[in-house]
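> The structure is given below, and queries will be raised subsequently.
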Amino acid sequence: MFGCLVAGRLVQAVAQQVAEDKFVFDLPDYENINHVVVFMLGTIPFPEGMGGSVYFCYPDQSGMAVWQLLGFVTNEKPSAIFKISGLKSGKGSQHPFGAMNLPQTPSVAQIGISVELLENLAQQTPVASAAVSSVDSFTEFTQKMLDNFYNFASSFAVTQAQMTPNPSEAFIPANVVLKWYENFQRRLTQNPLFWKT
């Protein structure tokens with residue numbers, strides 16, 4: 001029903017079923033993993049009104065299992081990318097795998113999937129740092145650059161009464177900069193590569 005993918009490794013398409021509604025994938029050498037993709041294989045959908053909460057489990061200093069909620073997969077959202085590199089020193093959260101004694105080895109972490117009611121999934125809060133940005137780094141950089149430019153240019157804004165005549169300086173109305181900023185943002189949202197044409 002589920003698959004798990006780490007860049008540079010083979011796809012894991014067979015989860016270990018540890019309970020009727022719980023599945024795990026082992027992640028050997030997890031210290032060298034930044035992101036993990038969890039997805040539905042497309043062979044069996046979730047039953048109506050059900051989805052899967054996705055957890056990351058790693059052994060702490062004493063070898064105890066630390067579970068952290070990453071997010072969810074559902075029939076409507078059958079795959080997700082999670083960033084796990086920053087979670088290895090975080091705090092654990094409530095999880096449905098507590099009663100199970102899953103073996104923990106120092107260099108092996110696990111991805112756990114618990115099949116639950118969608119209404120229960122909606123009430124859970126994943127670890128914020130596990131979410132992967134949905135915009136590419138170029139678009140994100142461009143948006144940050146636009147914000148920085150607009151804020152910088154706006155910090156020099158003066159009213160007409162505050163202007164002192166200086167023949168060697170040109171003044172640009174702030175509303176012109178704002179209009180350019182809004183147009184560029186709109187075009188970037190419609191097509192991040194519009195500037196190439």
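The values are calculated or read from the model by the stated rules, or taken from the named source; none is laboratory data. The structure displayed is predicted, hence computed values, not measured ones. Cβ: placed from backbone, ideal geometry, glycine included. Neighbour counts: every protein chain shown. Surface areas here come from the heavy atoms of the whole protein model, side chains and all, with no ligands, DNA or RNA. Shrake-Rupley method; radii C 1.70, N 1.55, O 1.52, S 1.80 Å.
> List the pairs whose first member sits in region 49-70 and is on the phi > 0 side of the Ramachandran plot, whose second member is among the aliphatic types (A, V, I, L, M) and outside any loop (DSSP other than H, G, I, E, B), and whose Cβ atoms are under 7 Å apart, counting only residues at least 6 apart or on separate chains?
Note: pairs meeting the criteria are G49/L117; G49/L118.
> If you go through region 155-192 one residue at a time, how many are in a helix (DSSP H, G or I), open to solvent by 90 Å² or more (accessible area, probe 1.4 Å) and either touching a Cys at 6+ places or on another chain (Cβ under 8 Å) or not charged (D, E, K, R) (or both)? I'd like the intermediate steps shown before the answer.
Step one: filter region 155-192 for residues in a helix (DSSP H, G or I), giving 160-162, 174-190.
Narrowing the set further to residues that are open to solvent by 90 Å² or more (accessible area, probe 1.4 Å) leaves 160-162, 175, 179-180, 182, 186-187, 189-190.
Cutting the leftovers down to either touching a Cys at 6+ places or on another chain (Cβ under 8 Å) or not charged (D, E, K, R) (or both) gives us 160-162, 175, 180, 189-190.
Qualifying residue count for the region: 7.
> Do the conditions hold for Q104, that is, is it over 26 Å from L10 (Cα atoms), open to solvent by 30 Å² or more (accessible area, probe 1.4 Å) and modelled with pLDDT under 90? Break it down stepwise before answering.
On the way: over 26 Å from L10 (Cα atoms): no; open to solvent by 30 Å² or more (accessible area, probe 1.4 Å): yes; modelled with pLDDT under 90: yes.
Considered against the rule, which asks whether it is over 26 Å from L10 (Cα atoms), open to solvent by 30 Å² or more (accessible area, probe 1.4 Å) and modelled with pLDDT under 90, Q104 comes out as no.
> With a cut-off of at least 3 residues that are open to solvent by less than 50 Å² (accessible area, probe 1.4 Å), name the strands (runs of 3 or more DSSP E) lying wholly within region 1-96.
Numbers: elements: 2-5, 16-19, 22-28, 35-40, 50-59, 65-73, 79-83.
So the answer is 2-5, 22-28, 35-40, 50-59, 65-73.
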